[in-house]
1. Looking at 75, 92, 56, which is the one that is over 13 Å from residue 26 (Cα atoms), in contact with a strand residue (DSSP E or B) (Cβ under 8 Å, 6 or more places away or on another chain) and in the same structural domain as residue 25 (by TED's automatic domain parsing)?
2. With the structure loaded, tell me whether residue 161 is in contact (Cβ under 8 Å) with a residue 24 or more places away in the chain, farther than 28 Å from residue 249 by Cβ and assigned by TED's automatic domain parsing to the domain that holds residue 232 or whether it fails that test.
3. Grab the helices (runs of 4 or more DSSP H) fully contained in the stretch 164-276, keeping just those with 2 or more residues being surrounded by fewer than 18 Cβ atoms within 10 Å (Cβ to Cβ) and within 32 Å of the chain's Cα centre (by Cα).
4. Name every residue in the stretch 78-89 that is touching a strand residue (DSSP E or B) at 6+ places or on another chain (Cβ under 9 Å) and at pLDDT below 85, in order of residue number.
5. Taking the stretch 286-300, which residues are under 35 Å from the mean Cα position of the chain (by Cα) and assigned to a helix (DSSP H, G or I)?
């Protein structure tokens, strides 16, 4: 067992000297549990900035405090486990002997006030930003991070079928978060576009086939998605039965498609066979196909979307 090397005498003397000032002791009491800036320390300790900065330099030189930069501000903290063993023992004694002094107790009261002000400042920001928060967040950080957070909930072991995969947008989005994605489509042009989009993504396999006879073995997929494909099929019920067939028991099916509408010109322009689907009909078809725990609901319409409204249906493959 490696023995801890004793601290040099001059090191101990320096450490003891750095704690000889009462204000430095008060600073360490504050920084042991919180990360604070110079302005906050000035307010709590009721001392000018020059004094606090000077004391922080002494503490920093002796290894009592660490700092990090946040914008134009330096934040300071003390973490007991990061101190050298001799310094840690010395501080534990000093802390025990000074924690109930009037000055330290007064500092704690002012610290609590300052922390409450932090909370109010944060709440004030969000109160003012609430109406525009989605727009502001999008401008600052983009939109893909929320999608990444949601998709990260998928088990990495999943094999997912993307039925009617088209140009591979959904397959490419899901692929980084699961074991494998199998994309199926009957259009050579769509599959060619998907192959270009998915170049370099090794865990996506594209297969040509009909949704009435999906080229995937039975009970091999953990999940399957069917997005904007049912409206193109002559018999959607067969596709739902195939969707159930390829799923393992307990596998999840996700369907997005059109709600009923009366825009026949839209249907003809896109080559669709159906003017959308009633949710009751989708639920009934899924039940017949062998699904359970069926849930369906309309999706909120998106600003600028010109097509008919959509629905989401989620179900679990029965045993």
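The values are calculated or read from the model by the stated rules, or taken from the named source; none is laboratory data. Because the structure is predicted, anything quoted here is derived from the model rather than measured. Cβ sites come from the backbone with ideal geometry, for glycine too, and all protein chains shown count toward neighbours.
1. Numbers: 92 fails: in contact with a strand residue (DSSP E or B) (Cβ under 8 Å, 6 or more places away or on another chain); 56 fails: over 13 Å from residue 26 (Cα atoms).
Checking each option against the conditions leaves just 75.
2. Details: in contact (Cβ under 8 Å) with a residue 24 or more places away in the chain: yes; farther than 28 Å from residue 249 by Cβ: no; assigned by TED's automatic domain parsing to the domain that holds residue 232: yes.
No, not satisfied.
3. Details: elements: 169-174, 188-197, 236-246, 264-269.
Result: 169-174, 188-197.
4. Filtering the stretch 78-89 for residues touching a strand residue (DSSP E or B) at 6+ places or on another chain (Cβ under 9 Å) gives 78-79, 82.
Selection gives 79, 82.
5. Taking the stretch 286-300 and keeping what is under 35 Å from the mean Cα position of the chain (by Cα), we get 286-287, 289-300.
The answer is 286, 287, 289.
Here is a yes/no grid of residues against (1) at pLDDT below 85; (2) exposed (fewer than 13 other Cβ atoms within 10 Å of the Cβ); (3) within 30 Å of residue 215 (Cβ to Cβ):
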position	(1), (2), (3)
60	no, no, no
106	no, no, no
112	no, yes, no
131	yes, yes, no
142	yes, yes, no
145	yes, yes, no
